[in-house]
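This report concerns only the one structure given below.
Derivation of every value follows stated rules applied to the coordinates shown; laboratory data play no part. Here the structure is a predicted model, which is why all the values come from computation and not from measurement. Quick reminder, even Gly has a Cβ in these numbers, built from the backbone with ideal geometry, and neighbours come from all protein chains shown.
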Amino acid sequence: MFILKHRLLENVSFSYDGRNRALDAISFKVKKGSSVALVGESGAGKSTVLRLLYRFYDLADGDGKILIDGQDIRKVTHASLRKAIGVVPQDPVLFNSSIKYNVGYVCGSLEQGPWHW
Ligand SMILES: Nc1ncnc2c1ncn2[C@@H]1O[C@H](COP(=O)(O)OP(=O)(O)OP(=O)(O)O)[C@@H](O)[C@H]1O
Ligand SMILES: [Mg+2]
């Protein structure tokens with residue numbers, strides 16, 4: 001993860017199913033301009049941190065906060081957040097279709113994107 005803006009996870013807890021905690025009161029601060037690696041055993045919660053940063057899930061009230069440059073990410077739009085974050089997942093997802101379709105899915109309209117076919 002290469003960080004362009006200050007990030008802060010503040011006492012973040014998260015559960016997918018309401019019973020088991022995937023994250024339990026995690027806090028860390030990341031400085032702008034730094035590169036970060038999340039390291040831990042399988043199931044430790046690395047991917048969950050990224051899913052929360054990307055707002056695939058939102059934290060419930062009382063389950064901590066994720067701040068980027070001091071701003072709670074729940075208050076920004078998904079579009080602006082995703083413009084600021086690039087993620088390369090460990091398990092790449094490919095649709096059973098053309099390369100154009102797969103790239104277009106990510107970039108939105110190919111005409112507006114950097115791609116020329
Ligand atoms: N979609 C899901 N539904 C329910 N539980 C989940 C889901 N995804 C992850 N978990 C659980 O949340 C916990 C954290 O999982 P996570 O995928 O964040 O771990 P990880 O550190 O990325 O592991 P790995 O190194 O295997 O990728 C684990 O206990 C996992 O079983
Ligand atoms: Mg993972």
- Length gain on complete extension for the stretch N96 to D58, per 0.36 nm per residue less the alpha carbon to alpha carbon distance? 10.7 nm
- Peptides 93-103, 23-33: what's the order by average Cβ count within 10 Å, highest mean first? 23-33, 93-103
- Burial-style ranking of 6-14, 72-80, average other-beta-carbon count within 10 Å with highest first, yields 6-14, 72-80
- If the cut-off is a Cα-Cα distance under 28 Å, which lysines reach K75, setting aside same-chain residues fewer than 8 apart in sequence? K5, K29, K31, K32, K46, K65, K83
- D24 to N11: extension gain in nm, 0.36 nm per residue of separation minus the Cα-Cα distance? 3.9 nm
